[in-house]
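Trainee: One structure, as structure tokens, below. Some questions next.
The values are calculated or read from the model by the stated rules, or taken from the named source; none is laboratory data. Bear in mind the structure is a predicted one, so any value in this text is a computation, not a measurement. We place every Cβ from the backbone using ideal geometry, glycine too, and count neighbours over all the protein chains shown.
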Amino acid sequence: MTALFECARNQGGETGKFMNFKKIFFITCGFVFLALGIIGTILPVMPTVPFLLAALLCFSKGSAKLHRWFMRTSIYKKYIESYTEARCMKPIMKFYSIAGTTVSVGIACWYLRKIPVLVFAALVIWLALVLYFLFGVKTLKNNDCQNRYRYMRKVLIEGEHDTKAVKTLSDVFEATGKIKSSLGKIPRVLILRMSEPIENEKLCELAEKAGFRLEQIINIENRTA
């Protein structure tokens, strides 16, 4: 709990007991939903995607640092990255989401079988969710994920920086939700993959806000399908 207080206190600009309590509340809820989502990857009776989306939302409200950390985890990338960035899911993820929702609603209906109104409401919710996953969420093809980040830049950071400092700048770029970054062969270089064209001036502005200056930005041939 001490760590939660410290994390909340260190987030920029907002002061006061109410804001600290608000951040701690969202951070706590984020970890609870994350735990439920992890359990859902093991037990088919629990849905995974809804809990992980709730965790993502809570972390975004409670801590920018934890939000960036969660977006780098393998569970985020496997289950909800494609959904949060392009409202699309892999076929197997659609199947797991529908199956988990069906099992959960089925168990709820069994416990509520003596209350027909609640059973009917649960079935309506189940039908709405199934229709949403089938028709409201695009099915992600094998090459869609690569094509989504087809605009590439190589940036050279001014001055000497260690890997930890460069990783901080990488987090800043990725926090936009439109950029994936990876370290180059030398510590001062970052490779940026973008879901849409971003002006070099905007990249420089993001770097300067984080306390860095970009010495050079090199265009890399765009990737296509």
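Okay, residues lined up against (1) surrounded by fewer than 18 Cβ atoms within 10 Å (Cβ to Cβ); (2) at pLDDT 80 or above; (3) within 24 Å of residue 175 (Cβ to Cβ); (4) assigned by TED's automatic domain parsing to the domain that holds residue 34:
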position	(1), (2), (3), (4)
103	yes, yes, no, no
106	yes, yes, no, no
110	yes, yes, no, no
115	yes, yes, no, no
123	yes, yes, no, no
126	no, yes, no, no
130	yes, yes, no, no
144	yes, no, yes, no
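Trainee: Restricting region 3-36 to residues that are part of a helix (DSSP H, G or I), polar (S, T, N, Q) and farther than 27 Å from residue 78 by Cα, which is modelled with the lowest pLDDT?
Mentor: Out of the qualifying residues, it is 10.
Trainee: Hey, among the residues in region 87-101 that are surrounded by 12 or more Cβ atoms within 10 Å (Cβ to Cβ) and outside any helix (DSSP H, G or I), which one's farthest from the chain's Cα centre (by Cα)?
Mentor: 90
Trainee: If you don't mind, there's one more thing I want to ask. For region 37-58, which residues satisfy the criterion of being touching a residue at least 12 places away in the same chain (Cβ under 8 Å) and outside any helix (DSSP H, G or I)?
Mentor: Within region 37-58, 44, 45, 46, 47, 48 meet the criteria.
Trainee: Would you call residue 77 surrounded by fewer than 13 Cβ atoms within 10 Å (Cβ to Cβ) and either modelled with pLDDT under 80 or within 18 Å of the chain's Cα centre (by Cα) (or both)?
Mentor: The answer is yes for residue 77.
Trainee: Inside region 61-75, can you point out the residues that are touching a residue at least 24 places away in the same chain (Cβ under 8 Å), assigned to a helix (DSSP H, G or I) and of a type in the set (Gly, Ala, Ser)?
Mentor: Scanning region 61-75 gives 62, 64.
Trainee: When residue 119 is evaluated against the numbered criteria (1) outside any helix (DSSP H, G or I); (2) crowded, with 17+ Cβ neighbours inside 10 Å, which criterion, by number, is the only one it fails?
Mentor: If we test residue 119 against (1) outside any helix (DSSP H, G or I); (2) crowded, with 17+ Cβ neighbours inside 10 Å, just (1) comes out false.
Trainee: Also, quick follow-up: Determine which single condition residue 181 fails, assuming it passes every other condition in (1) within 18 Å of residue 65 (Cβ to Cβ); (2) surrounded by fewer than 16 Cβ atoms within 10 Å (Cβ to Cβ); (3) in contact with a strand residue (DSSP E or B) (Cβ under 9 Å, 6 or more places away or on another chain).
Mentor: (2)
Trainee: Taking interchain pairs and intrachain pairs at least six residues apart, which have beta carbon atoms under 6 angstrom, with the first residue in region 154-176 and in contact (Cβ under 8 Å) with a residue 24 or more places away in the chain and closer than 23 Å to residue 57 by Cα and the second outside any strand (DSSP E or B) and not β-branched (Val, Ile, Thr)?
Mentor: Every condition considered, the pairs that remain are 169/210; 169/212; 171/68; 172/206; 172/210; 175/68.
Trainee: Go through the residues of region 176-192 one by one and say whether even a single one is assigned to a helix (DSSP H, G or I) and out of contact with any His (no Cβ under 8 Å at 6 or more places or on another chain).
Mentor: No, the conditions are met nowhere in region 176-192.
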